[in-house]
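The next block holds one structure in the form of structure tokens; read it before the comments.
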Amino acid sequence: MTSETLADRRIPAGNDFLTPEAVAALTPAELTARIAALKPMIAAASAEAERLRRPVDEVWNALRATGYFYMYVPRRFGGLEFAPQAYIDATLAICEACPSTGWTASFAAEHNWLIAQFPEQTQAEVWGRTPYVIAPSVAAPPGKAVAVDGGFRISGRWKFGTVVMHADWVMLNAMQDMGEGKPPVVRMMLARAEDVKVLDTWFMSGMAATGSNDIVAEDLFIPEAYSFVVSEVRTGRGNGSRLHDNPLYAAPMLPQLCVTAALPSVGAAKAAVELGRQRLTVHTKMGGQSTQVDKPAAQMRLARADLMVRSAELSIRQAADENLTLSALSDEEQLPHRLRLRAQIAYAVSQCLDAVRTCCESSGSGIYAMDNPMQRILRDIEVMASHIVYDMDVSTELHGRSMVGLAPNSLLT
């Protein structure tokens, strides 16, 4: 048992889901327009979200009302089953207004793709109870799973519980010991949010508003049907590939994650470029006689930042589409493509980070005032870019090893 403070989370009441008719009528363009209409509200609440260390309830409820979280729920279970490009369009609109809220929302929507990897009966039960799922998916450090009659008993403490502050379900990675001489099997376990503890541990200089607190489970029973073997989904061979006639649900897992987590960096960088552009029209450096808008150096910095963001977004969009094709390849053929896509997306995130830094470097000391959104964007993207999948040393080493015929030296492939 732990004596640490419990987080003040909000398990959804479950009384605000859209009607099936309202979901069926939604188009990608309409959904993106609904999100875009919320951008002023989301941006205005970003400082309060950082203070609360979680998304603001009114903002989160407004996002629920748009239908955003239905995007990756299969149509056969009442969802939208939108393509990745539609997901990217709608998500970027949130991320431009508040990167941390966008980070949380993007994972919440995308994690319904993970629900599609559970057995068919489980999908029907889960989406029958909650037409979309708000759930963290946590992997580090993995918990321990012990096989018992009908399922597993799991225990563990997982870090980086993005989405958990407004969750109704939780997904927890746990390792099952298969006996002497055999490698452990990593399983994803699904449980109700009220069956775990959430500790108030998320005190961060950036991404504070994501509320990614620690999650604790203690000897929690998980029915076998509420688990899946992660290695199958890694290559696009999970239940989703067999149950749903859409390449989305057969996409390999890691590039899918990389795209999701990269979008807040693109949104942050887009917002920084616009703030930087506005700043040039009013900022006069001490001793200068005109605003920065007239200075070629400032103009070139702004242009470089803009081009880095545009390049990054195009690269991420291309990776999202290419990932849909990889399950047609054998596991051996697929691996170098997965490693390249990881490195490609990591490079795109590094471009977004460089774009934000470039905007900040030309904007003077005033942007570091706590009431200036630029400083929050910088702190948020610094932390976002530290995610393990965007570690440039690791991702480029893996890609380089693949290029010269060497096996990966990491399990995260």
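Read-outs throughout are calculated quantities, based only on the coordinates presented, and are distinct from any laboratory measurement. Not measured: the values here are computed from a predicted model. Every residue, glycine as well, gets a Cβ built from its backbone with ideal geometry; the counts of neighbours run over all protein chains shown.
Arrange the following residues from fewest to most other Cβ atoms within 10 Å of their Cβ: ASP391, ASP195.
ASP195, ASP391
I'd like the distance separating the alpha-carbon centroids of segment 242-269 and segment 182-234, in whole Å.
19
Please report LYS295, LYS270 as a ranked list, fewest other C-beta atoms within 10 angstrom at the top and most at the bottom.
LYS295, LYS270
Please give the Cα centre distance for segment 156-180 versus segment 123-145, rounded to the nearest Å.
Each part reduced to its Cα centre gives a spacing of 9 Å.
With r as the distance between the Cβ atoms of GLU232 and ASP200 and R0 = 30 Å, compute the FRET efficiency 1/(1 + (r/R0)^6) and round to 0.05.
0.30
Could you check which residue among ASP200, ASP214, ASP393 shows the biggest mean-square fluctuation in a GNM of the chain with a 10 Å Cα cutoff?
The residue with the greatest mean-square fluctuation here is ASP393.
Going by C-beta contacts inside 10 Å, put LEU341, LEU248, LEU263 in order with the fewest on the left.
LEU248, LEU341, LEU263
Cut-off 10 angstrom, C-alpha nodes, Gaussian network model of the chain. Which of PRO84, PRO296, PRO247 fluctuates the most?
In this elastic network of the chain, the residue with the biggest mean-square fluctuation among PRO84, PRO296, PRO247 is PRO296.
Where both partners of a DSSP beta bridge lie in the chain, what percent of those bridges are antiparallel, to the nearest 5?
85
I want to make sure I understand the PRE zone here: with the label point 7 angstrom from the Cα of ASN372 toward its beta carbon, which residues in segment 32-46 have backbone N atoms less than 20 Å away?
Answer for this model: 43-46.
Roughly speaking, what is the stretch gain from ASP294 to GLU4, that is 0.36 nm per residue apart minus the C-alpha to C-alpha distance, in nm to one decimal?
Going from the current span to full extension adds 98.9 nm.
Please work out the C-alpha center-to-center distance from segment 60-78 to segment 300-353 and express it in whole Å.
26
Consider the candidate values (1) 21.3; (2) 34.3; (3) 26.8; state which one is mean projected area of the Cα convex hull in nm² computed from the structure displayed.
Read-out taken from this structure: (1).
Return the single residue from ASN112, ASN323, ASN15 with maximal mean-square fluctuation; model: Gaussian network over the chain, springs between Cα atoms under 10 Å.
ASN15
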